[in-house]
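Here's the structure we're looking at; comments come further down.
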Amino acid sequence: MAKTSGLRIDMDQLFSGAGVQRLLSTPVPEREWWCLRAIAWEINKATSGGNTRARLYVDRGAGQRHYLDEQLTPTADWLYTRSEDDWLWPGERLGLEVDQGQASTIVKLYAGGYSEREE
């Protein structure tokens, strides 16, 4: 039988350099599963030049990504949201990739849901 607990993920990071910027959660512990029911993210500076987009994904390790959502030309100080049940399995991480992010960009990501742990 699994034990269920509430789960909140709050992450933010200042990226000093311009280019591709990636924000990753901690990995899901062994014998645990996370169900993310709501995810929100924002950046404080608009992307600039070239291929401007942001992609929300599940990082499976070894370069494998399962993409969940994409926003073309993300706007500064706008809260983007996703309300789906997204599952993460042991070892996986939630990630956000901002392409063509400006220098000194702050990326924030919030997620809520629940975790199930094998007893």
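The values are calculated or read from the model by the stated rules, or taken from the named source; none is laboratory data. Treat the numbers as computed from the prediction; the structure is a model and nothing was measured. So basically every Cβ, Gly included, is an ideal-geometry build from the backbone, and we count neighbours across all protein chains shown. The accessibility values were calculated without ligands, DNA or RNA, using every heavy atom of the protein model including side chains. Shrake-Rupley method; radii C 1.70, N 1.55, O 1.52, S 1.80 Å.
Values computed for the structure shown
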item: Count - residues of the range 23-33 that are open to solvent by less than 20 Å² (accessible area, probe 1.4 Å) and either closer than 23 Å to Ser5 by Cβ or not in a strand (DSSP E or B) (or both); result: 2
item: Test: residue in the range 55-66 that is surrounded by 13 or more Cβ atoms within 10 Å (Cβ to Cβ), hydroxyl-bearing (Ser, Thr, Tyr) and assigned to a strand (DSSP E or B); result: yes
item: Residue, nearest to Trp33 (Cα to Cα), within the range 102-119, restricted to residues that are among the acidic types (Asp, Glu) and open to solvent by 70 Å² or more (accessible area, probe 1.4 Å); result: Glu118
item: Residue among Gly91, Gly17 that is touching a residue at least 60 places away in the same chain (Cβ under 8 Å), farther than 29 Å from Met1 by Cα and part of a loop (DSSP other than H, G, I, E, B); result: Gly17
item: Given (1) under 17 Å from the mean Cα position of the chain (by Cα); (2) within 16 Å of Pro74 (Cβ to Cβ); (3) not in a strand (DSSP E or B), number of the condition Asp12 does not satisfy; result: (3)
item: Check on Thr81, of a type in the set (Val, Ile, Thr), at pLDDT 95 or above, surrounded by fewer than 16 Cβ atoms within 10 Å (Cβ to Cβ) and not in a loop (DSSP other than H, G, I, E, B); result: yes
item: Test result for Asp99, open to solvent by less than 60 Å² (accessible area, probe 1.4 Å) and either of a type in the set (S, T, N, Q) or outside any loop (DSSP other than H, G, I, E, B) (or both); result: yes
item: Residues located in the range 34-51, provided they are part of a loop (DSSP other than H, G, I, E, B) and more than 17 Å from Asp12 (Cβ to Cβ); result: Ala46, Thr47, Ser48, Gly49, Gly50, Asn51
